[in-house]
Structure formats: structure tokens, C-alpha cells
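Everything on this sheet refers to the single structure shown next.
The values are calculated or read from the model by the stated rules, or taken from the named source; none is laboratory data. A quick note: this is a predicted structure, and the numbers were derived from the prediction, not measured. Backbone-built Cβ (ideal geometry, glycine too); neighbour counts: all protein chains shown. We work out accessible area using only protein heavy atoms, side chains counted, and drop any ligands, DNA or RNA first. Shrake-Rupley method; radii C 1.70, N 1.55, O 1.52, S 1.80 Å.
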Amino acid sequence: MKKRIMKNMWMAGLLFCMCTQLFCSCGRYRPAAKDKVYAGVICYNQNDTFLGQMIECIRKQFERLENDALDITMTIRDSAGSQRTQDDQVKELIDAGCNVLCVNLVDRTDPSEIIDLARENNVPIIFFNREPVAEDMMQWDGLYYVGADAKQSGIMQGEMAVDLIKSNNRIDRNKDGKIQYVVLEGEPGHQDAIIRTENAVDTLKDNKIKLEKLSYGIANWNRAQAQSRMLQMIGQHQNKIELVLANNDDMALGAMDAYSKLNITRENLPVFFGIDGTDVGLEAVLEKELSGTVYNDKEGQAAAIAKLAVAIVSKKGMEDITFKNGKYIYLPYSKVTIDNVSAYLGEYKKNKK
């Protein structure tokens, strides 16, 4: 009897050791918990050609960052030009569990409700493309901005116009020693519109190009509106216009649409310059319809947004990101003319796949 009890105790001990070893083994090989990024991406208006392309770039960058240790869910909202709608969308996405927001503001001067909602729920915001005023960015340490320097884009547009005017005396069609020009501007009061226009014109003047401003039109970054404004300016000034400076490619293309609609011959066309380097803008440069555009690096900005969003949520990699003043990431612009447009079109097609 005693031997049987001892044998049973020995078997029980062995079984306990085996179970303990199995339990420890399971604990040792249990996969680590994944980091989960729930990103809410809100755009002021996805009908904006550049912003529509940039949202797609952000989506692709999140897809590239996803791996076995990282789950990323991206939810997109279009505010359709309404700040009230955007405020409601921010609340909706926070309530749905988003742990980081990427916001392209409708009104850069009115982000207070968005910031308050995010701060109360401890959900950081990466603003992009439309930069809030500096005072608003200082309201909370969970606010960041990714974009580009609007001044640089205006200077580059002006420099391309200077180079073309100096190399081609046929642009001054009436031979009066001055370039008669018009401007197509984005939204009234928008910082990028004001800065792009001022710096493009100042660059021309600084390079001894004599100018005569004939008119300007507000076209809200929109191709159809630009066509309408340009038709009005052509009606007023006929064939006097020698240069069109547009704050973005869509408005430059709208201006060209106006001339096409009126069947004005090529020798009576002004030269057109845009900004952004959208796919349709690049195609127009390749076809020698648009004399130049300034490339706004949507791929680089999208990569920076995605990397920053993951670093914020996972709390890994913030030390590898270079900020200006602790909050800002700026990507440089670049000039695009007929001489180098093929390289940019190739990059666009590669990223489209």
C-alpha cells in the first residue's frame, strides 16, 4: 500500500512538472501584443485635385508601414468645405476610437473646437497642408503640422517665369518692355494664396522684370471657377495678357480652358505657371501647355504624416523625426519645367501602382 501511494505521488509530481513546463513554454512563445493605430484622416474637400491625390498617398504609406507587430486602420472623412461639418467629423472619429487624427483644416483660423475636443480626449492631431496660426499650435503639446513653405513655392514660380521671359523675347508680344500679367488666387485670406502671389511677383521685380498688373481673380483653387474668371479678364483685356500666375495647377489649367473655349490662336496665348505638380499639371507641362509648375511633395509629406502617426501612438521612433520648433515638419518644393518633367511623371506613375 505504501509503495502504491509513493508511486502515485511520484506520478503526480511528474505530471505537475510537465504541466508547469508546458505553461512556461506557452508563456515564452506567446506573440507580443500588436500596436494598433486608428487614424482618422479628414480633408477640407476631396474634390481638390492635389488633396485628393495626397489622401491616396497617405493611405498607401499607412499600408506600407503595417506589419506583423503593427495594425493600422485608416478612416477618411470629407468636410466638403464646411468647418462645422469638420468639427462634427472630429467628434465622430474620436467617439469611434481613433487614437490619432490627421486634419486638413477647412478654416485655418478656426481650429479651436477641434483642438479642444482632441485635448479633452487626449487624441493627438497632425495638421497637414493648411497650417494653423502659431498661437493655435501652442495650445497643446499634442499638435503637429506637416506641410511645405508657401514662400518657397512663390519664389520658385517667379524664378521660372524670370528664366522664361529672359530667354524668350516673344513673351512681350506688344514690345513695350513690360510684361502685362494677371493672377488667379486661391481663397480670400488664405495664407498660401497671399504668400504665393506676393513672392512670385516680388521675385519677378527683384530680377528686373518690368510688370504691369492688369487684373486678378479669386477662383478658390478650382479649375471651373478659374475658367470663368479668366473669361472675364480676357473679355476686359483681350489679347493684352502676356503672363498668367496661378496659385495652383487647377487654376492654371482653368485659365488655359478659357483660351481654348475662345479658340484663341497659340501665338496670342500668354504663358501660364502653376503650383503643386498634380498629375494633370505635370501632363500639361509635358505637352508644353503649362510653362512650369512647382512640385509640392505630396509623397514625402504623406510618408512624414504616416511615420509621425505611428510614432505618436506606439511611442517608438519620435527621436528619429526631425522637427522645426518641436512641432513642424516641412518638405521642400521643387521646380518642374519641360526639362525635367519626365522624372516627376515617372515618380507619379510609380506611386500610382
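The alpha carbons of segment 68-202 stretch over 64, 37, 27 Å along the principal axes, in descending order.
Solvent-accessible area of segment 84-167 (1.4 angstrom probe, protein heavy atoms only): carbon and sulfur portion equals 43 percent.
Residue-normalised convex hull volume from the C-alpha trace of segment 59-100: 74 Å³ per residue.
Rg ratio for the chain: its Cα radius of gyration over 2.2 N^0.38 Å, N being its residue count, equals 1.36. Diffusion of segment 148-187 by Stokes-Einstein, at 10 °C in a medium of 1.306 mPa s and with Rh set to the Kirkwood radius over alpha-carbon pairs, works out to 134 µm²/s. Across every pair of non-identical alpha carbons in segment 229-286, the mean reciprocal distance, once inverted, gives a Kirkwood radius of 11.6 Å.
Restricting attention to the chain, close to 10% of DSSP beta bridges with both partner residues there are antiparallel. Given in Å, the Rg to one decimal and the Dmax to the nearest whole number for the Cα atoms of segment 200-353 are 18.9, 60. Shown in residue order for segment 186-197 are the 3J(HN,Hα) couplings computed by the Karplus curve 6.51 cos²θ - 1.76 cosθ + 1.60 at θ = phi - 60°: x, 5, x, x, 6, 4, 5, 5, 4, 5, 4, 5 Hz (x for Gly and Pro).
Convex hull volume of the C-alpha atoms in segment 133-230, normalised per residue: 124 Å³.
Once the Cα gyration tensor of segment 62-127 is diagonalised, what are the square roots of 5 times its eigenvalues, in whole Å and ordered largest first, as equivalent ellipsoid semi-axes? That gives 23, 13, 10 Å for the three semi-axes. Residues whose amide H comes within less than 5 Å of that of residue 295, counting only those at least five positions distant or on another chain, are 276, 334, 335, 336 (H built at 1.01 Å from N in the peptide plane).
Modelled spin labels at residue 67 and residue 95, positioned 7 Å past Cα toward Cβ, are 3.7 nm from each other. Averaged per residue, segment 215-290 has 41 square angstrom of accessible surface, using a 1.4 angstrom probe with ligands and nucleic acids left out. Seen against the Cα atoms of the chain and their longest principal axis, helix 83-95 is set at about 10 degrees.
Between residue 149 and 331, 333, the built amide H atoms are under 5 Å apart, and every one of these is 5 or more places off in sequence or on another chain. The calculated 222 nm mean residue ellipticity attributable to helices in the chain amounts to -15500 deg cm²/dmol, summing -39500 (n - 2.57) over DSSP H runs of n ≥ 4 and dividing by all residues.
Rolling a 1.4 angstrom probe over segment 259-353 with all protein chains present gives an accessible area of which 51% lies on carbon and sulfur atoms. As a length-normalised measure over Cα pairs under 8 Å and 6 or more apart, the relative contact order of the chain settles at 16 percent.
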